[in-house]
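Below is one structure, written out as structure tokens; the observations come after it.
The values are calculated or read from the model by the stated rules, or taken from the named source; none is laboratory data. No experiment lies behind these values; they were computed from the predicted model shown. Glycine gets a Cβ as well: all are built from the backbone with ideal geometry, and neighbour counts include every protein chain shown.
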Amino acid sequence: MAYTLNTPWQYQTWGAIGFTKYARLAARPITGGSIDGSINPFLTDIARGISLIVNGTTVTEAMTPDQDTLAAADYYFLGGHEYTISDEQATVLINAGYGDYVTPV
């Protein structure tokens, strides 16, 4: 049986000049720019894909994996994509806690 994997994603807050890890507002969606303030027109939340890197039965997440990390992995799934995966790959991901992202086809 084949499975479909939709990689996880995370909201990040971007400012008018681009992403900065210091502008994330603790990973909460913007509800007004601050807890009780008005909406800042220069900020927006953008969903960013999270890559899953598999080594044996260990799955790690990476927002921006480098080439060496990907080359050293047994296999990987880049964030923001949908994949058709094998039974063995699905089992590894489900056992590692990523069952919500795996769907039988």
**Asked** Which condition number in (1) at pLDDT 90 or above; (2) in contact with a Pro (Cβ under 8 Å, 6 or more places away or on another chain); (3) exposed (fewer than 11 other Cβ atoms within 10 Å of the Cβ) is the one that Tyr76 fails?
**Response** (3)
**Item:** Selection count, the stretch 1-17, where residues are at pLDDT below 95, of a type in the set (A, V, I, L, M) and assigned to a strand (DSSP E or B)
**Value:** 0
**Item:** Qualifying strands (runs of 3 or more DSSP E) (wholly inside the stretch 43-102; at least 3 residues being of a type in the set (Lys, Arg))
**Value:** none
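Go through the stretch 34-59 residue by residue and tally those that are more than 21 Å from Leu93 (Cα to Cα) and at pLDDT 60 or above.
Residues flagged as more than 21 Å from Leu93 (Cα to Cα) and at pLDDT 60 or above within the stretch 34-59 amount to 4.
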